[in-house]
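To start, the structure itself, in structure tokens.
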Amino acid sequence: MARPIWLNVGRVAVEKNIEAFLALDLPGTKVVVGDGPQREALDRQIVQLGLRGRVRMQGQQADVLPWLRASVCGRLHVCARRSAPAGFLRRDH
């Protein structure tokens with residue numbers, strides 16, 4: 001898997017706006033950890049956009065800590081939800 005690793009963890013649903021994450025022009029690999037009703041649509045989008053080698057859909061994971069440790073932003077959390085009044089950015093100390 002090419003580094004850096006960019007990580008999205010959570011329920012895979014329309015309101016999470018994961019398409020915006022997939023559309024980002026980032027080096028390395030994007031990893032989506034989680035499952036939900038939008039999973040199949042995102043799988044199709046990954047193929048249509050030619051991102052199969054740059055995006056990994058990992059599905060539901062009992063332990064996400066290894067993914068957090070491997071990611072470039074293990075201590076940076078971004079929310080781009082469509083249904084939230086505004087996205088937020090939080091950096092853990």
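The values are calculated or read from the model by the stated rules, or taken from the named source; none is laboratory data. These numbers were taken from a predicted model, which means no experiment stands behind them. With ideal geometry, Cβ positions are generated from the backbone for all residues, glycine too; neighbour counts draw on all protein chains shown. In case anyone asks, the SASA skips ligands and DNA or RNA and just uses the protein heavy atoms, side chains included. Shrake-Rupley method; radii C 1.70, N 1.55, O 1.52, S 1.80 Å.
Values for this structure:
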| read-out | value |
| --- | --- |
| Sole exception among (1) hydroxyl-bearing (Ser, Thr, Tyr); (2) modelled with pLDDT under 90; (3) crowded, with 16+ Cβ neighbours inside 10 Å for Ser83, by number | (3) |
| Single residue of the stretch 1-40 satisfying the filter (open to solvent by 60 Å² or more (accessible area, probe 1.4 Å) and of a type in the set (Lys, Arg)) that is nearest to Gln60 (Cα to Cα) | Arg11 |
| Ala41 being among the aliphatic types (A, V, I, L, M), over 20 Å from Met1 (Cβ atoms) and at pLDDT below 85 | no |
| Unmet criterion (only one of (1) open to solvent by less than 80 Å² (accessible area, probe 1.4 Å); (2) touching a helix residue (DSSP H, G or I) at 6+ places or on another chain (Cβ under 8 Å)) for Ala70 | (2) |
| Of residues in the stretch 41-60 being outside any strand (DSSP E or B) and open to solvent by less than 70 Å² (accessible area, probe 1.4 Å), the one nearest to Ser71 (Cα to Cα) | Leu51 |
